[in-house]
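Everything below concerns the one structure shown next.
Readers should treat all values here as calculations from the given coordinates under stated rules, not as data from a laboratory. These numbers were taken from a predicted model, which means no experiment stands behind them. When we count neighbours, we look across all protein chains shown, and the Cβ atoms used for this are built from the backbone with ideal geometry, even at glycine.
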């Protein structure tokens with residue numbers, strides 16, 4: 001269950017590449033779905049848990065154009081973005097996004113998390129921040 005440290009190291013190496021990690025061509029090549037204005041990619045730093053349930057799939061919806069806020073998207077981009085979100089929500093994914101002012105937002109490029117969970121709710125969770133460790137039962 002605890003793969004946070006390993007994926008965090010990979011994520012930090014990727015951040016060393018100059019510029020926005022979501023604007024790079026390598027990320028597009030990892031894409032599951034690419035449309036005219038956005039793409040869906042696996043999240044490099046996957047969540048283990050979401051609302052006390054085990055995460056089975058963790059994707060990101062990312063606009064191709066570098067924007068920080070939803071209101072920077074034009075009407076066509078917004079429509080495609082919302083239509084993609086609604087497709088994933090209908091397939092059982094939770095939708096989550098941090099505001100640009102959040103200190104836990106890791107990339108200053110608009111992105112929305114698409115999180116699918118199992119039906120298995122954990123009864124006990126132990127989490128420490130340093131060293132990073134998560135244990136669930």
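The table for this structure:
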{"quantity": "Spacing of the two label points (7 Å from each Cα toward its C-beta) at residue 74 and residue 116, in nm", "calculated": "3.3"}
{"quantity": "The range 32-115, Rg to Rh (Cα coordinates; Rh as Kirkwood inverse mean 1/r)", "calculated": "0.95"}
